[in-house]
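Before any comments, here is the structure.
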Amino acid sequence: MHALRLAWDHFEEGFIVFLLTAMTLVTFVYVIVNNLYNPFFLLGDFFEARGAEGISAFFFAIGDYIIYLAQEMTWGNALSKALFAWLIFFGLAYGVRTGGHIGVDALVRLAAPRLQWILGIIACLICLGYAGLLSIASFDWVAALFGNAIHADDLGQFGIRKWHIALIVPLGFALMFIRFAEILIRIMRHEQTGLGLADEAADAAKLAENEERHP
């Protein structure tokens, strides 16, 4: 069981790295292709002004071909948006596991340990209800998209349909539900008192302290 959990955690981190890498590469190539034709047109104008029409025609042809590639690569922007959507919703559960979400619990920390434990359970139950409700509601939305089988904008040529992209919404909230369920179990076992979210105030204080020690 521990090995399975470890494998899933590594897959979760690896998949997020894959999404970030793919999104960056697609965006980079899309931007390069959309600006690469300018140097060839400038070279074409340069040689045309000097009467070298054969050389200028060669550079103009390359520029025209790159413009054609840029026009055909309209899917790059759509794919970047789809990858970003998957990154956001897949990262929801990862943020809960790693304590990456911002926590505002200054008043809760002033309460007695027993009250903190109770408030932690209540907060976790609210988060579970939120994640479960949105997971079910978004699943109905994906089911409707699946029934219509509508192709995704600019990605239909690859067989990608809208429900393929939207599937991450119920999946992301379902994973977040599981992560909050794990937190609830740890709270019930008194292994932690709160949701274990990020404390920006504490992080800022540590950063200021380190700067004072190492100016």
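Numbers below:
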{"item": "FRET efficiency, residue 149 to residue 181 (Cβ-Cβ, R0 30 Å, nearest 0.05)", "result": "0.35"}
{"item": "Efficiency of FRET from Cβ geometry, residue 133 and residue 21, R₀ 22 Å, rounded to 0.05", "result": "0.10"}
{"item": "The range 47-100, accessible area per residue, ligands and nucleic acids excluded (1.4 Å, Å²)", "result": "55 Å²"}
{"item": "Relative intensity, log₁₀ I(q)/I(0), of the range 20-172 from a Debye sum that treats every alpha carbon as a point, q = 0.10, 0.13, 0.17 Å⁻¹", "result": "-0.62, -0.80, -1.02"}
{"item": "At most 13 other Cβ within 10 Å, DSSP loop - trypsin sites (Lys or Arg not before Pro), the range 1-84", "result": "50"}
{"item": "Inter-label distance for residue 4 and residue 126, nm, one decimal - labels placed 7 Å from Cα along Cα-to-Cβ", "result": "3.3 nm"}
{"item": "Estimated FRET transfer efficiency (residue 140, residue 68; beta-carbon r; R0 45 Å; 0.05)", "result": "0.60"}
{"item": "Distant-in-sequence amide H partners of residue 161 (H built 1.01 Å from N, under 5 Å)", "result": "152"}
{"item": "Distance in nm between pseudo-label sites at residue 188 and residue 85 (7 Å out along the Cβ direction from Cα)", "result": "3.5 nm"}
{"item": "From phi via Karplus (6.51, -1.76, 1.60), per-residue ³J(HN,Hα) for the range 159-168 in Hz, x at Gly/Pro", "result": "x, 7, 9, 4, 6, 4, 6, 6, 4, 5"}
{"item": "Net charge over other residues, Cβ less than 12 angstrom from the Cβ of residue 147 (K, R count +1; D, E count -1)", "result": "+1"}
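The values are calculated or read from the model by the stated rules, or taken from the named source; none is laboratory data. Only a predicted model underlies this, so the values are computations on that prediction, with no experimental measurement involved. As a convention, Cβ positions derive from the backbone with ideal geometry for all residues, glycine included, and neighbour counts pool all protein chains shown. Remember, those area values only see protein heavy atoms, side chains included, never the ligands or the DNA or RNA. Shrake-Rupley method; radii C 1.70, N 1.55, O 1.52, S 1.80 Å.
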